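The values are calculated or read from the model by the stated rules, or taken from the named source; none is laboratory data. Computed from a prediction, not measured in an experiment: that's the story for all the values here. Cβ: placed from backbone, ideal geometry, glycine included. Neighbour counts: every protein chain shown.
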Amino acid sequence: MKKNSMEIKFKALAENEPFARNVVAGFILPLNPSLNELDDIKTAVSEAITNVVVHAYPQNTGYVTMKVTTQDNYVTISIVDNGIGIQDIERALTPFYTSKPNEERSGMGFTVMESFMDKLEVISNGSGVTVKMGKAIEKKVAGL
Amino acid sequence: MQIKSRIVNKTLYILLSGELDEYTAPNVRKTLDTMLETEKGFIQIVLDLSELTFMDSTGVGVLIGRYKKMREKNKPIFITNPSRNAERIFKMSGLYEIMPKIV
């Protein structure tokens, strides 16, 4: 399958989370994902957007850019913000770590992304955070 | 998100229907807390997730928050019918250690 890509930008608001995960799900449908694969990807996208909504813009609401690329049976998703960044990525990736312990947060967001996707990369460069995730969609036998 | 409750044999059954994420979490917290405060005559809670169509790790935070409130009143919470992904997130987070799964 030839390479395909899309990019959208929307406000980092919690109400845009269902929109974001369903956009990704719709975009990757030509790869014929299973329901489980769709659920995995939707959950990982939701975790990444939640991080932006909760952490990236403490003063004002900013924007999140979501880029999705498909090639052959592989999906790559980038969630990009221009917020305050992550000071200590290693600590942020630690299961159960949360910088907001008083807000009933599980600190499991990155752990879920890592578990539900095949690849996770987190980059914080002073002008925001990029979360890049990849997952191979299992090729189905025709007719099944 | 719709939340319904009924009491049978001193057990408060709560059915969550819809999606639980950062967007719906505040309302879910508020509704559950109101139910847990106003319902009378129950000694334990069963959260039925059979109609929960989506949940991310925000749901774990919501459930742990309710667990802490009910622990003070000595009322255990059990989980039943989680989806495949909810189950994975619960196992990953160790939630079943404090809110056991029942069949």
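So here's what we get for this one:
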| read-out | value |
| --- | --- |
| Per-region count, the stretch B:53-75, residues within 11 Å of the chain's Cα centre (by Cα), of a type in the set (A, V, I, L, M) and surrounded by 21 or more Cβ atoms within 10 Å (Cβ to Cβ) | 3 |
| Residue list for the stretch B:18-47, restricted to those being closer than 24 Å to A:Ile41 by Cα and of a type in the set (Asp, Glu) | B:Glu19, B:Asp21, B:Glu22 |
| Checklist (1) of a type in the set (Val, Ile, Thr); (2) surrounded by 15 or more Cβ atoms within 10 Å (Cβ to Cβ); (3) within 30 Å of A:Ala12 (Cα to Cα) applied to B:Thr34, failing item | (2) |
| All positions within the stretch A:20-32 that are more than 10 Å from chain B (Cβ to nearest Cβ) and either assigned to a helix (DSSP H, G or I) or touching a Gly at 6+ places or on another chain (Cβ under 7 Å) (or both) | A:Ala20, A:Val23, A:Val24, A:Ala25, A:Gly26, A:Phe27, A:Leu29, A:Pro30, A:Leu31 |
| The lone exception for A:Asn73 - which of (1) closer than 17 Å to B:Ile89 by Cα; (2) surrounded by fewer than 22 Cβ atoms within 10 Å (Cβ to Cβ) it fails | (1) |
| Which listed residue, of A:Tyr63, A:Tyr74, A:Tyr97, is away from chain B (no Cβ under 14 Å) and farther than 18 Å from A:Ile8 by Cα | A:Tyr74 |
| Residue satisfying condition, being at pLDDT 95 or above and small (Gly, Ala, Ser), within set A:Ser115, A:Ser106 | A:Ser115 |
| Count of residues meeting criterion [farther than 18 Å from B:Ser57 by Cα and polar (S, T, N, Q)] in the stretch B:21-38 | 3 |
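Yes/no per residue for (1) within 18 Å of A:Asn125 (Cα to Cα); (2) in contact with a strand residue (DSSP E or B) (Cβ under 8 Å, 6 or more places away or on another chain); (3) of a type in the set (Gly, Ala, Ser):
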residue: A:Leu35; (1), (2), (3): no, no, no
residue: A:Leu38; (1), (2), (3): no, no, no
residue: A:Thr43; (1), (2), (3): no, yes, no
residue: A:Ala48; (1), (2), (3): yes, yes, yes
residue: A:Val52; (1), (2), (3): yes, yes, no
residue: A:His55; (1), (2), (3): yes, no, no
residue: A:Gly62; (1), (2), (3): yes, yes, yes
residue: A:Met66; (1), (2), (3): yes, yes, no
residue: A:Thr69; (1), (2), (3): no, yes, no
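Listed here are the residues, each with its yes/no results for (1) buried (at least 16 other Cβ atoms within 10 Å of the Cβ); (2) within 17 Å of the chain's Cα centre (by Cα); (3) closer than 26 Å to B:Leu95 by Cβ.
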position: A:Ala48; (1), (2), (3): yes, yes, yes
position: A:Val80; (1), (2), (3): yes, yes, no
position: A:Arg105; (1), (2), (3): yes, no, yes
position: A:Asp118; (1), (2), (3): no, yes, yes
position: A:Glu121; (1), (2), (3): no, yes, no
position: A:Ser124; (1), (2), (3): yes, yes, no
position: A:Met133; (1), (2), (3): yes, yes, yes
position: A:Val141; (1), (2), (3): no, no, no
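Per-residue answers, yes or no, for (1) among the aromatic types (Phe, Trp, Tyr); (2) within 26 Å of A:Glu17 (Cα to Cα):
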{"site": "B:Met1", "(1), (2)": "no, yes"}
{"site": "B:Leu20", "(1), (2)": "no, yes"}
{"site": "B:Lys30", "(1), (2)": "no, yes"}
{"site": "B:Thr38", "(1), (2)": "no, no"}
{"site": "B:Val46", "(1), (2)": "no, no"}
{"site": "B:Lys68", "(1), (2)": "no, no"}
{"site": "B:Phe78", "(1), (2)": "yes, no"}
{"site": "B:Tyr96", "(1), (2)": "yes, no"}
{"site": "B:Val103", "(1), (2)": "no, no"}
